[in-house]
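Each value in this text was obtained by applying a stated rule to the coordinates, not by laboratory testing. Keep in mind that this is a model prediction, so the values were computed, not measured. Glycine gets a Cβ as well: all are built from the backbone with ideal geometry, and neighbour counts include every protein chain shown.
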Amino acid sequence: MWRRKLRLLACEPLPSPSEPGAMTVPRQPRNPQRGKVLLWLLVFFLLGLLLLTLYLVRGPLLRAFADWWIVEDPLEKAQAIVVLGGDNRMGERVRHAAELYHTGWAPRVVLSGMSYRTYFNEVTLMEREATNLGIPREHLVVFPQSGRSTLEEALALRAVLAEHHWRKIIVVTSNYHTRRTRRIFHGVYRRHGTQVLISAAPDSDFNPQRWWRQRTGRALLGLELLKSIQTWWELLEPPPPPPALICLPASSAL
């Protein structure tokens, strides 16, 4: 008998939810917080993956940035080679200028340096190094100046160019300093018809192939980036008028 009842119950259809007495299972509400958590987990995962990728390829990226940061203009015959002050302890800016001089890119070399004391200045050391490297003293122009920045040095050097009627110069500075130097000298001299070529001197404290591994390399480039912002701000205003002789006729000979 009980087996027959079970078969009848199995064949009897279940009541519809709309029928009276039917039992309904309540639907669980969706938790919106769960979706936000999953989204944030995905964001953190992708960010971590990006940082890991940058870390693994940091060498080529940082090397490429240094190669872009260092600028080197194609050299042409000029009237003078200008060596900026602030050289390192090895005198590598002067050494590079001597190589350019002996190669024949320009017949004169200008040594620009700051005063360390009232009785001693940087150009004294630069002059000794230049003569030791075979540059005749009569081909040197020693220019002590009191500029506290590259912009002030560029403005001060206009007097030398005006005195010697030079309209085309090669500016020598350290490799990490070239991009800011070109911006400053072009901003100061281009409007007056003076052509400026930038030549990068190697620097023992900044090796573009592994600068991020050296404390001095990181410090030099970091400081240059900050100074570049200051340079951009300073060049928003036109520099003061140059000496009268800075604008020369186009027929001036080298």
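For 116, 189, what ranking results if the residue with the fewest other Cβ atoms within 10 Å of its Cβ goes first? List each step's numbers first, then the result.
Numbers: 116 11, 189 23.
Ascending number of Cβ neighbours within 10 Å: 116, 189.
Inter-part distance, region 198-218 to region 72-145, computed on C-alpha centroids, equals 21 Å. Computed from backbone phi, the HN-Hα couplings of region 100-110 come to 5, 4, 5, 6, x, 6, 7, x, 10, 10, 9 Hz, rounded to whole numbers (Karplus: 6.51 cos²θ - 1.76 cosθ + 1.60, θ = phi - 60°; Gly and Pro given as x).
In this structure the amide hydrogen of residue 113, modeled in the peptide plane, comes within under 5 Å of the amide hydrogens of 123, 143, 145, none closer than 5 places in sequence on its chain.
The H on the amide N of residue 82, modeled in the peptide plane, is under 5 Å from the matching H of 110, 170, 171, 172, each at least 5 residues off or on a different chain. For region 72-239, the fraction of C-alpha pairs more than 24 angstrom apart is 32%. Fully extending the segment from residue 103 to residue 42, taken as 0.36 nm per residue of separation minus the present Cα-Cα distance, adds 16.0 nm.
Coupling constants for region 128-134 follow from the phi torsions by the Karplus curve (6.51 cos²θ - 1.76 cosθ + 1.60, θ = phi - 60°), and in residue order they are 5, 5, 5, 5, 5, 8, x Hz; glycine and proline get x. Sparse packing (at most 14 other Cβ atoms within 10 Å of the Cβ) combined with a DSSP loop state is found for the following GluC sites (Glu not before Pro) in region 66-138: 72, 76.
Which of 81, 184 comes first, and how do the rest follow, when ranked by fewest Cβ neighbours within 10 Å? Numbers along the way, then the final one.
Working: 81 27, 184 24.
Lowest count first: 184, 81.
Extension gain, residue 148 to residue 89: 0.36 nm times the residue separation minus the Cα-Cα distance gives 19.3 nm.
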